[in-house]
Amino acid sequence: MNESDLKMDERIKLIRDKIDRIDEKIIELLKTRMLTAREMGSLKKELNIPVEDQHREKEIIDRLTRSAGGTLSEEQLIRIFKAVFHSAKQVQK
């Protein structure tokens, strides 16, 4: 391996480290979101409101699509948040 290859490996490691730190932040945010969803589930149960709200999910996707500013497509956001919504509904029940 020559010197150029070593520098490339260092750059890849730096970027991977950055991705790892971002992933940890995402996990912390998801944990907070699930705790909040559990709180929402308790309130919905108290008020006899259904857990699922397709209109709200659409509002979230629309807002996030605008916030993403083209970095993520609506299709990508739907795939990501479909899993988030599913998990949130599970903890609300």
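The values are calculated or read from the model by the stated rules, or taken from the named source; none is laboratory data. The model shown is predicted, which means the values in this text are computed figures rather than measured ones. Note: ideal-geometry Cβ built from the backbone for every residue, glycine included; neighbour counts use all protein chains shown. The accessibility values were calculated without ligands, DNA or RNA, using every heavy atom of the protein model including side chains. Shrake-Rupley method; radii C 1.70, N 1.55, O 1.52, S 1.80 Å.
At a glance:
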read-out	value
Within the accessible area of the chain (1.4 Å probe), percent carbon and sulfur	58
Cα-Cα over 26 Å, subset of 25/89; 31/93; 31/82; 18/89	18/89
Net length gained if the chain between residue 11 and residue 44 were fully extended (0.36 nm per residue, minus Cα distance)	7.0 nm
For the chain, calculated [θ]222 nm from helices alone, where every DSSP H run of n ≥ 4 adds -39500 (n - 2.57)	-30000 deg cm²/dmol
The stretch 1-76, accessible area per residue, ligands and nucleic acids excluded (1.4 Å, Å²)	88
Cβ-Cβ FRET estimate between residue 26 and residue 59, R0 fixed at 30 Å, reported to 0.05	0.85
At 1.002 mPa s and 20 °C, Stokes D of the chain from Kirkwood alpha-carbon radius, µm² per second	135
Relative contact order, percent, the chain [alpha-carbon distance under 8 Å, six or more residues apart]	38
